[in-house]
Every structure is written in structure tokens, then in C-alpha cells.
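See below for the structure under consideration.
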Amino acid sequence: MAEQEDDRYEVVIVRYGTRRTMRSEVYLNYGVYGDGDAPIDMDYFVWVVRNAHRVILVDTGYSIEGGASRGRTPLMTPVDAWRHLGIDLDSELTVVLSHAHYDHAGNLAALPKARIVVSESEVDFWLGPLARRAQFHHSADADGLTELAKARKQGRVKTFSGAVTVAPGVEVLEVGGHTPGQAIVRVETPAGPVLLASDSVHYYEELEADMPFTYVADLPRMYRTFDLISGLVATGQITHLVAGHDPSTLERFPAYDGVPGGLAAIIGRLSQ
Ligand SMILES: [Zn+2]
């Protein structure tokens with residue numbers, strides 16, 4: 001990858017887990033829509049942003065224990081997926097945490113030197129007292145938060161408010177809504193700008209049908225983020241929108257064999 005520009009990346013999407021649930025379990029106050037209930041799958045992803053100059057992990061998935069304790073079906077651990085992608089887990093790579101839920105911020109112990117970028121409001125909330133209340137606590141993983149606190153003590157957590165450019169061509173924007181400091185990640189790729197929406201948009205239907213997700217810290221902000229993202233797509237500032245948990249995600253983008261088992265897709269592939 002010798003002659004690449006510094007500020008464009010390929011985005012690898014890895015599907016590492018799945019589960020079947022019901023629409024009434026994933027959409028907030030589903031009864032208001034007057035639709036019948038039905039099963040719906042929820043997939044779990046981690047994302048890798050990379051070029052010849054740097055590797056940025058976006059979210060770190062759930063740990064084996066974090067998934068097992070909730071009855072999730074693991075397809076491959078994120079750690080194994082990163083190894084298949086040739087990522088040196090002991091290097092000083094950058095990790096962006098979109099938010100601190102168990103399925104996005106586990107496995108930090110496997111990344112002992114990583115520099116972790118997360119919004120200040122998110123890390124303050126989850127390491128603070130309100131995170132222990134039942135409605136929040138069930139979405140977090142105590143071990144994961146302990147690792148995050150440890151990394152912060154070690155000076156490896158870099159917080160931001162509003163927006164931050166973590167590298168040329170990679171911008172992280174705090175939007176809130178789903179969690180107090182939920183963030184989205186905009187990446188420049190050869191295929192155009194990509195938005196890793198993470199849990200600001202779990203399902204494409206969530207955005208298209210304007211149906212907020214069931215777990216929400218701030219509903220007005222969640223709706224405003226729908227408007228923000230719809231606007232970015234409508235104006236061409238985003239050409240590829242990657243939802244956080246949608247089972248159709250891998251079908252929407254070119255398959256990538258860098259991870260075995262048909263578990264990955266790639267946007268803006270760079271030549272090797
Ligand atoms: Zn999630």
C-alpha cells in the first residue's frame with residue numbers, strides 16, 4: 001500500500017455475533033405504531049478503518065463473557081477477527097469507542113497499549129454513579145468499564161466534546177441520544193465518505209421509518225440525530241451509511257475475505 005494518500009481509508013465491517021429477538025423488543029414503545037409484532041434478527045459488528053499509515057478500530061465488541069451472559073450467539077470473537085486482519089494488538093493503535101455499552105466496549109484488555117478515543121460525556125457517565133442504576137446498568141459490562149477506568153488512569157483515554165478529528169480523514173462526532181455521549185464516525189474512503197452510525201442507527205428501518213430504538217438516554221437528541229444523518233445522506237456528505245446492528249449490512253457492501261466465514265464486508269478497498 002505504498003502510494004496511498006494519507007487521508008483515505010478502507011473500512012472493514014466484521015459481523016461477530018447475532019441473536020433473534022422481537023420487533024417490540026427493539027423499537028421504543030412499539031405499540032404506538034399499531035403494527036403487529038414479529039421476530040427480528042440483531043447482528044453485532046466491529047469496524048476497522050485502515051490505510052498504509054494507520055489502523056483505527058471503531059468499537060471493540062462484546063467479550064466472550066459479556067455475550068454469553070446475555071445469551072448472544074458469537075460467530076467469531078472480535079480479537080480473532082482483528083488477528084485475521086493482521087492487526088498487531090500490542091501496538092499503540094487507536095480505538096474509537098462510539099459508546100460504552102457492553103457490545104461496543106468489551107475486549108479492551110486485549111489492546112493493552114491502545115489509545116482510546118471516547119466522548120467525555122460518555123466516559124464520565126459510565127464511570128459515574130448513574131450508570132449503576134438498573135435501566136442503564138444492564139447495557140454495560142462491569143469488567144469492560146473496569147478496563148476503561150484502568151486505561152484512563154494510564155493516560156490512554158483521550159476524551160473530546162462535540163467533535164474531534166482522530167486522524168486526517170477520520171472525524172468523530174458526539175450526537176448523544178442512545179447514550180449520553182453516543183458518537184458517530186465519518187471516514188473518507190476511495191468509495192466516498194462513509195458514516196459508521198453505530199447505535200445512533202441500529203437498523204436502517206429505524207432511520208427510514210423514524211422509529212427510535214428501545215434503549216435511549218435522550219429521545220429528542222435521538223430524533224435530532226436521525227435528522228442530522230438523513231441530511232448528511234441527502235446532501236451527499238455521506239455516500240455509504242453503515243448501521244450498527246442491521247442484519248442486512250453485509251449484503252449492502254462488497255464481501256471481504258480477509259476474515260473467514262463470510263463475516264466481513266469492505267468499503268473503499270485499497271490495493272495491497
Ligand atoms: Zn450496540
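Would you pick out the residues in region 41-62 that are within 16 Å of the ligand (Cβ to nearest atom) and out of contact with any Phe, Trp or Tyr (no Cβ under 8 Å at 6 or more places or on another chain)?
Asp41, Met42, Asp43, Trp47, Thr60
Restricting to region 141-181, count the residues that are surrounded by 21 or more Cβ atoms within 10 Å (Cβ to Cβ) and assigned to a loop (DSSP other than H, G, I, E, B).
Residues that pass the stated criteria total 8.
Suppose we filter Ala217, Ala197 for residues that are within 16 Å of the ligand (Cβ to nearest atom) and touching a Pro at 6+ places or on another chain (Cβ under 7 Å); which single one remains?
Ala217
Restricting the search to region 40-65, which residues are in contact with a Gly (Cβ under 8 Å, 6 or more places away or on another chain), closer than 17 Å to Ile116 by Cβ and in contact (Cβ under 8 Å) with a residue 60 or more places away in the chain?
Tyr62, Ser63
Name the pairs: first residue in region 235-252 and over 18 Å from Ser98 (Cα atoms) and away from the ligand (no atom under 13 Å from the Cβ), second residue among the hydroxyl-bearing types (Ser, Thr, Tyr) and not in a strand (DSSP E or B), Cβ to Cβ under 8 Å, at least 6 apart or on different chains?
Matching pairs, first to second residue: Ser248/Tyr204.
Restricting attention to region 22-77, and to residues there that are acidic (Asp, Glu) and either under 16 Å from the mean Cα position of the chain (by Cα) or part of a loop (DSSP other than H, G, I, E, B) (or both), which single residue is surrounded by the most Cβ atoms within 10 Å (Cβ to Cβ)?
Residue satisfying both the conditions and the ranking: Asp59.
Give the number of residues within region 90-112 that are free of Cβ contacts under 8 Å to residues at least 24 places away in the same chain and either within 16 Å of the ligand (Cβ to nearest atom) or in contact with a helix residue (DSSP H, G or I) (Cβ under 6 Å, 6 or more places away or on another chain) (or both).
Looking only at that region, the number is 0.
Given the criteria of a type outside the set (S, T, N, Q) and touching a residue at least 60 places away in the same chain (Cβ under 8 Å), does Asp199 qualify?
Answer is yes for this residue.
Glu205 versus (1) charged (D, E, K, R); (2) buried (at least 20 other Cβ atoms within 10 Å of the Cβ); (3) within 16 Å of the ligand (Cβ to nearest atom): which is the lone unmet condition?
Glu205 satisfies all of (1) charged (D, E, K, R); (2) buried (at least 20 other Cβ atoms within 10 Å of the Cβ); (3) within 16 Å of the ligand (Cβ to nearest atom) except (2).
Restricting attention to region 209-251, which residues are of a type in the set (Ser, Thr, Tyr) and under 19 Å from the mean Cα position of the chain (by Cα)?
Thr214, Tyr215, Tyr223, Thr225, Ser230, Thr239, Ser248, Thr249
Report yes if some residue within region 113-122 is away from the ligand (no atom under 16 Å from the Cβ), more than 18 Å from the chain's Cα centre (by Cα) and of a type in the set (Gly, Ala, Ser); otherwise report no.
no
Please tell me if Pro254 is more than 17 Å from the chain's Cα centre (by Cα), surrounded by fewer than 17 Cβ atoms within 10 Å (Cβ to Cβ), modelled with pLDDT of 95 or more and not hydroxyl-bearing (Ser, Thr, Tyr).
yes
The values are calculated or read from the model by the stated rules, or taken from the named source; none is laboratory data. Since this is a predicted model, take the numbers as computed values, not measurements. Glycine also receives a Cβ, built like all others from the backbone with ideal geometry; neighbour counts cover every protein chain displayed.
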